[in-house]
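Reviewing the structure listed below.
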Amino acid sequence: MWAKDNLEKVLSFFFPNECAVCDESISPLSLICEKCENEIFSSGPYVKPGKLGCCDVYYFSLYDGNLRELILSYKSGRWRLHKILSELFLKLFEYYPPHPVLTYIPATPSSLEDRGFDHMEMIAKNLSKRYGFVLKRALIPLKDERQYGKSAKDRKSLSDKYHSNCTSKEVTLIDDVYTTGATIRNAVSALKMSGVEDVKVYILAKAKG
């Protein structure tokens with residue numbers, strides 16, 4: 001413990017670090033402060049799972065407050081935060097057991113170019129190691145359409161956004177934010193057309209309204 005404390009002091013001097021949520025000074029070995037972490041983890045799982053057609057949809061929490069800031073910080077380039085977001089999914093799985101095959105909503109080419117990494121793929125890979133999923137890249141983007149900044153009407157108008165050649169009968173699908181449901185509907189439709197019979201959807205945050 002003494003060695004760790006002194007190491008943190010030395011690292012803090014040369015490599016100052018801030019919480020990715022509230023910008024408070026934290027140890028260089030940490031990603032977010034303890035206060036923000038406790039608030040985020042205590043906000044879920046959300047107690048109102050929903051339905052999207054015939055699919056079950058489970059949410060960790062609402063897209064608000066510290067969880068919203070955490071997701072935005074992750075998508076803006078702080079890729080190490082995938083470890084914390086993965087933990088939120090794992091907590092959600094404790095309440096609502098998933099199917100053993102895992103896939104995710106992939107980044108569009110333009111988003112991938114901007115960020116330099118596929119944010120949901122990184123989480124999915126972490127989950128596959130931690131939970132023992134069979135990970136499949138089952139969805140291929142057909143359109144390079146950004147959703148950020150689009151109105152709810154424009155989001156709902158998106159169609160035929162993905163192609164899938166998945167051969168599994170049961171699939172777990174993950175994404176970060178549920179706004180209008182257009183992306184998930186398109187993804188589930190593509191999976192169903194490829195022969196998937198049952199899809200369970202898990203979302204980190206559900207937008208209000």
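Please treat every number below as a calculation from the coordinates, not as lab data. Keep in mind it's a predicted model, so treat the numbers as computed, not measured. No Cβ is skipped: glycine too gets one built from the backbone with ideal geometry, and neighbour counts run over all protein chains shown.
Assorted remarks:
- For segment 48-55, putting each phi into the Karplus relation 6.51 cos²θ - 1.76 cosθ + 1.60 with θ = phi - 60° gives couplings of 10, x, x, 10, 10, x, 9, 9 Hz, in residue order, rounded to whole numbers and with x for Gly and Pro.
- For segment 44-206, averaging the sequence separation of C-alpha pairs within contact (under 8 Å, six or more residues apart) and dividing by the residue count gives a relative contact order of 29 percent.
- For Leu62 and Ser27, the difference between the fully extended length at 0.36 nm per residue and the C-alpha to C-alpha distance is 9.8 nm.
- Each peptide in 186-195, 92-101 gets a packing score, the mean of other Cβ atoms within 10 Å over its residues, and the list from highest to lowest is 186-195, 92-101.
- Amide hydrogen proximity for Leu52: with H placed 1.01 Å from N in the peptide plane, the residues at 5 or more positions away or on another chain lying under 5 Å are Val57.
- Nitroxide proxy distance, nm - points 7 Å out along Cα→Cβ at Ser42 and Leu90: 2.1
- Length released on extending from Val134 to Glu18, taking residue separation times 0.36 nm less the Cα-Cα span: 38.2 nm
- Computed helical MRE - 222 nm, the chain, DSSP H runs ≥ 4 contributing -39500 (n - 2.57), nearest 500: -12000 deg cm²/dmol
- Karplus (6.51, -1.76, 1.60) ³J(HN,Hα), θ = phi - 60°, over segment 119-135, in Hz, Gly and Pro reported as x: 5, 7, 5, 5, 5, 4, 5, 5, 5, 4, 6, 6, 9, x, 5, 8, 8
- Cβ-based exposure ranking for His82, His163, in which fewest neighbours within 10 Å come first: His163, His82
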